[in-house]
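Reading through the structure tokens given below for one structure.
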Amino acid sequence: MNRFWAFFILILSGGIITLTQAKGSDYTKVSSDERVVLFTTSVYFDANTKKYVIPIHGWMHELEGSFFRKGAFKKILKEKYKLQVTPKTKNNFDRRVQLFLADNERGKKVVVSVGGKHQVVSPQSGANGHFKTKILLTEEQIKPLVKKGAIPLKVILKNRDKRAFKGQALWVEPGKVSIISDIDDTVKITQVTEKSKMLDATFFQDFKAAPGMAELYQSWQAQGYQLHFVSSSPWHLWEPLDEFLTKSGFPLRTLSLKMVRLKDKTILDLFKKGTKTKPLQIEPLLQAYPDRKFILVGDSGEQDPEVYNAIYKKYPSRIQAIYIRNVTQENASDARFKEAFKDVPKAKWKLFDDPKVLKESL
């Protein structure tokens, strides 16, 4: 690190770091068996401070190397669900289980470079290895940092540490439209309603994209729409999910996943219904972007229709449309959808089989 930076200023307001500059001697101490993931976030404007907020969210952990724990997990999948590792699925299984069983690093501070111009020091990571902080910048400060629709983030490491832990914060234009989309069985074929097939798709098989959905989202991006994914998958699987979305052609996006830890009661959140968990992921987006309209996209496999109806009831003027991918071969006239969308005008929701129908209606 450059020795010219001899001091830093931390100004805290309501738990938000308004402007930071780390010391030249400050860096993130990451041992050779540890790693840091910086999740993609999105910038929003704070009307109270009249500044732009760049959220920073990351996870410090050590990949699981215990043959015992991995073996026990493998045994459960084989005995209870008849699933076992094959030469074709070994790489997927090893990587995803390592992430799922990773040892979280608590009590660690992380120094993050924001756009190469500013630095921020996080609070200590929690028991789940996660850390969150924010940096507030004026319009004059933030605009030069935006490159190709995003602000680059990077963990500052020791000079001799040649690894690179990078992330980005997406720049969201004011006053346009945002897409809030489910992942499993909406854009990725998971078969959530059949547990054995879901576990097979999650831990063993290459992730498979739902036909036509990437093209639909690309057409929306071309109109300036911003994409946000929400999912019941745990944060452990952020990397393989994000890589899959990129490889499948989905536009720049954020992912909001479930916060679970294998060693405490939060593991039970994996089994909570979407009606309990998804509003907690969706509402912060509506609150962060009060000048934007939203399109909600989900599928008929679980509770997306019911979740989106509840969101519409609470924010009727903010929801432009609700689209449900039909994975259960139902009809829009069925009693389920009449009940699920009883509060939503018929013109504002649609059950679809082929995403081309939505693309052509643009």
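Tabulated data
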read-out: Where a residue in region 195-211 is surrounded by 16 or more Cβ atoms within 10 Å (Cβ to Cβ) and its partner, wherever it lies, is part of a strand (DSSP E or B), with Cβ under 6 Å and at least six apart; value: Phe207/Lys188
read-out: Whichever residue in region 127-142 is surrounded by 15 or more Cβ atoms within 10 Å (Cβ to Cβ) and not aliphatic (A, V, I, L, M) and, among such residues, is farthest from the chain's Cα centre (by Cα); value: Gln141
read-out: Residue within region 311-322 that is surrounded by 14 or more Cβ atoms within 10 Å (Cβ to Cβ), assigned to a loop (DSSP other than H, G, I, E, B) and of a type in the set (A, V, I, L, M) present; value: no
read-out: Region 87-132: number of residues that are part of a loop (DSSP other than H, G, I, E, B) and either free of Cβ contacts under 8 Å to residues at least 60 places away in the same chain or aliphatic (A, V, I, L, M) (or both); value: 14
read-out: Odd one out for Thr277, checked against (1) in a helix (DSSP H, G or I); (2) at pLDDT 95 or above; (3) polar (S, T, N, Q); value: (2)
read-out: Helices (runs of 4 or more DSSP H) contained in region 136-229 and holding at least 2 residues assigned by TED's automatic domain parsing to the domain that holds Val327; value: 195-203, 213-221
read-out: Where Leu101 falls short, out of the listed (1) out of contact with any strand residue (DSSP E or B) (no Cβ under 8 Å at 6 or more places or on another chain); (2) farther than 18 Å from Trp238 by Cβ; value: (2)
read-out: Residue match in region 307-324 (condition: over 30 Å from Val43 (Cβ atoms) and small (Gly, Ala, Ser)); value: no
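The values are calculated or read from the model by the stated rules, or taken from the named source; none is laboratory data. The structure displayed is predicted, hence computed values, not measured ones. Here Cβ is always computed from backbone atoms with ideal geometry, including for glycine, and neighbour counts include all displayed protein chains.
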